């Protein structure tokens with residue numbers, strides 16, 4: 001027996017033609033999310049020696065961890081030169097105090113890396129008069145930007161993007 005309720009218009013409230021789906025964009029986002037399920041344990045990264053235990057990457061408690069060798073996501077990003085975050089540092093103050101600013105960024109990296117092995121600075125480069133710090137994790141880029149703003153003031157722009165997108169942080173002074 002058929003329902004007597006009216007059929008819903010799939011084209012939207014105001015009618016019209018249906019919108020095309022962005023299949024390629026969805027596929028791109030799926031590819032950047034990483035593995036869909038947890039890895040079988042134990043795993044050890046041959047590059048940095050981080051171990052995969054209890055569903056996450058951690059620093060090993062022993063000097064020579066054992067397990068199946070597999071690259072951790074941070075080492076994969078470094079090898080493929082595929083950053084997850086970048087911090088662009090500009091301004092006259094930044095140019096004059098470059099060493100202090102980079103020391104602060106390295107300090108933030110060390111602090112974060114103790115608890116989260118996947119948060120690392122990939123590279124520091126000079127591009128068109130600005131310093132660009134690339135990171136393996138978007139949260140590290142935001143943490144560096146926030147630390148620079150807290151320590152040296154200036155202007156900070158650190159919007160969070162969609163999951164899987166490059167986090168673009170800009171600090172100017």
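The values are calculated or read from the model by the stated rules, or taken from the named source; none is laboratory data. Just so it is clear, the model here is predicted, and its values are computed rather than measured. Note that each Cβ is placed from the backbone with ideal geometry, even for glycine, and that neighbours are counted across all protein chains shown.
For segment 54-83, taking the residues that are closer than 16 Å to residue 41 by Cα and outside any loop (DSSP other than H, G, I, E, B), the one that is farthest from the chain's Cα centre (by Cα) is identified as 68. On inspection, residue 87 passes the criterion of being over 19 Å from residue 47 (Cα atoms), touching a residue at least 60 places away in the same chain (Cβ under 8 Å) and in contact with a helix residue (DSSP H, G or I) (Cβ under 7 Å, 6 or more places away or on another chain).
With respect to (1) in contact with a strand residue (DSSP E or B) (Cβ under 8 Å, 6 or more places away or on another chain); (2) surrounded by 14 or more Cβ atoms within 10 Å (Cβ to Cβ), the lone exception for residue 164 is condition (1). When segment 146-159 is filtered for residues that are surrounded by 15 or more Cβ atoms within 10 Å (Cβ to Cβ), touching a helix residue (DSSP H, G or I) at 6+ places or on another chain (Cβ under 9 Å) and part of a helix (DSSP H, G or I), the ones remaining, listed by number, are 146, 147, 148, 152.
Here is a yes/no grid of residues against (1) modelled with pLDDT of 95 or more; (2) under 12 Å from the mean Cα position of the chain (by Cα):
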position: 127; (1), (2): no, no
position: 134; (1), (2): yes, yes
position: 149; (1), (2): yes, no
position: 171; (1), (2): yes, no
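Residues considered: 126, 162, 100. Of these, the only one that is over 27 Å from residue 45 (Cα atoms), in a loop (DSSP other than H, G, I, E, B) and outside the structural domain of residue 44 (by TED's automatic domain parsing) is 162.
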